[in-house]
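Report on one structure; see the data block that follows.
The values are calculated or read from the model by the stated rules, or taken from the named source; none is laboratory data. Keep in mind that what you see is a predicted model, and the values were worked out from it rather than measured. Note that each Cβ is placed from the backbone with ideal geometry, even for glycine, and that neighbours are counted across all protein chains shown. Surface areas here come from the heavy atoms of the whole protein model, side chains and all, with no ligands, DNA or RNA. Shrake-Rupley method; radii C 1.70, N 1.55, O 1.52, S 1.80 Å.
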Amino acid sequence: MVGNHLAQHRELSLLAIGLAVHIQSVPDGTRVDIKSLSARFPEGEARIAAALRELEAHGYLARTVSRTPAGRVVTRTVSYAHPAAAAACAPPDRPTPAAPRDAKKPAPSPAPSTPSPEAASPAPEPPLRPPLPAPRTADPTRDATATALLASLHRDDDRLLLSERDTVRLSPAVAAWLERGVRPETVRRTLMAHLPPGAGLRHPAALLAHRLTALLPPPLPVSLPPGPRPAPFQECPDCGRPFRAPHPGHCRDCRTGREEGARPTRGGGPRGSAPAQEAFHAGSRTAYSRPERSPNSCIDPLAYSTL
């Protein structure tokens, strides 16, 4: 007699329920192994083996492996009409059926285990992609130049046709290059240099993002403020000596002479002094004597003497 606990079981498949009914209906000693059941029913060995595992897991079937006196290994299969009642009154030498899944079982105490070094150390995380560079200051003209540069790459290579989303995502990186003093033509040559031939370029946006990040040039050095400019050259109206001063005037020596009451001149001494006038007149008195000349003599230029 088949009970409703088997016929209405919610966790067993229809094949497992029918196989349990068949096993309980045959006399003791009937072969109920996988090959015999697959020869009896149209289902294959894989489906029958799965149904037997279901019955064994819910306690309706118990299979034990034993060795005969002749040394042959055989499998003994025992079917239970009611697994819970059979488990309560099973003799010691009778295999105890497994309790059904819906029955409450005490939770086994966890055995202490020593963690292995591989399990203790956390698994290395995959490397994250570096973020795209971005400009430090906002410049609408520079941003428009970067967007136009990316949008026109397909004119040189059809494979570099970018979507609007990729263009908006990559334009700040191009603007960062322009901010660092790189010309747009140089950025274009860098992005298009040594591209894979043919169909090797599958993700153009990813390639451009990698080049814009990995080949980013260093920022421009900070220019120092210019130092103070030197004063312009001025010419002294008295001695004609050039000197540096913010405004026209006299040189230092002339200012000192004016303070002492004497003004220097171009000759080096005070203007109007007697020694200077005597030296001027003495240097201007120069006379030449012409030697007597005979009719047959030649004029010797070295014969002239200075008095």
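Here are a few things to note about the model shown:
- Filter pass, Arg76 being at pLDDT 80 or above, under 30 Å from Arg10 (Cβ atoms) and charged (D, E, K, R): yes
- Among the residues making up the range 155-166, those that are closer than 17 Å to Glu185 by Cβ and over 23 Å from the mean Cα position of the chain (by Cα) are Arg155, Asp156, Asp157.
- Selected residue (criterion: nearest to Arg76 (Cα to Cα)) from residues of the range 1-42 that are in a helix (DSSP H, G or I) and within 60 Å of the chain's Cα centre (by Cα): Ile34
- Output for the range 249-268, where each listed residue is at pLDDT 85 or above and either part of a loop (DSSP other than H, G, I, E, B) or farther than 10 Å from Pro237 by Cα (or both): Gly249, His250, Cys251, Arg252, Asp253, Arg255, Thr256
- Test for Leu149: is it touching a residue at least 40 places away in the same chain (Cβ under 8 Å), more than 20 Å from the chain's Cα centre (by Cα), surrounded by 12 or more Cβ atoms within 10 Å (Cβ to Cβ) and farther than 17 Å from Pro131 by Cβ: no
- Only one of Leu216, Leu212, Leu220 that is under 30 Å from Thr137 (Cα atoms) and open to solvent by less than 30 Å² (accessible area, probe 1.4 Å): Leu212
- Of the residues making up the range 223-239, those that are part of a loop (DSSP other than H, G, I, E, B) and surrounded by 10 or more Cβ atoms within 10 Å (Cβ to Cβ) are Ala231, Pro232, Cys236, Pro237, Asp238, Cys239.
- Of everything listed in (1) surrounded by 10 or more Cβ atoms within 10 Å (Cβ to Cβ); (2) touching a residue at least 12 places away in the same chain (Cβ under 8 Å), the single unmet condition for Thr186 is (2).
- When restricted to residues that are more than 60 Å from the chain's Cα centre (by Cα) and open to solvent by less than 100 Å² (accessible area, probe 1.4 Å), the range 244-261 contains 8.
- Here the condition is being part of a loop (DSSP other than H, G, I, E, B), modelled with pLDDT under 95 and open to solvent by less than 40 Å² (accessible area, probe 1.4 Å); of Pro95, Pro126, it holds for Pro95 alone.
- Tally, over the range 189-209, of residues that are touching a helix residue (DSSP H, G or I) at 6+ places or on another chain (Cβ under 8 Å) and open to solvent by less than 40 Å² (accessible area, probe 1.4 Å): 8
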